[in-house]
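To keep things clear, I will list the structure first and then write my remarks on it.
Any read-out appearing in this document is the output of simple, stated calculations on the displayed coordinates, not a laboratory observation. Quick caveat: nothing in here was measured; it's all calculated off a predicted structure. Counting neighbours? That spans all protein chains shown, and the Cβs are built from the backbone with ideal geometry, glycine included.
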Amino acid sequence: MECRNPYIENFIRKLVETTEKDLEPVSLERRIESLYVLLENMLGRNMVAGLPEELRTQFQSQYGKGIEDIDPQKMSQLFDQYIENPEAIMKKTLQEFADLYFQNR
């Protein structure tokens with residue numbers, strides 16, 4: 001079972017449905033899926049960047065780009081323990097995503 005963040009999915013769905021009104025239903029769902037993956041990856045990178053340097057270095061050497069090997073529950077616990085202001089990281093990431101999205105339209 002895939003674990004999806006409903007807030008991220010709703011954000012993207014509203015964005016795409018508002019700005020890309022002419023998409024067929026299948027194309028709409030594909031677009032939402034690809035943007036979801038992009039935003040989720042951006043958020044993950046920003047969260048990892050927010051970790052203390054020693055922990056971030058350890059994480060990067062352990063996983064590199066092999067993100068599929070990461071246990072989401074362990075990562076969530078790690079972020080909960082070491083990220084002081086996850087809301088700020090989420091806000092920054094959403095802004096970066098929106099800027100990128102509108103720049104490429």
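Modelled spin labels at Lys21 and Asp99, positioned 7 Å past Cα toward Cβ, are 2.9 nm from each other. In the chain, the longest principal axis of the Cα atoms and the axis of helix 6-19 are about 30 degrees apart. Relative contact order of the range 12-105, taken over Cα pairs closer than 8 Å and 6 or more residues apart, is 32 percent.
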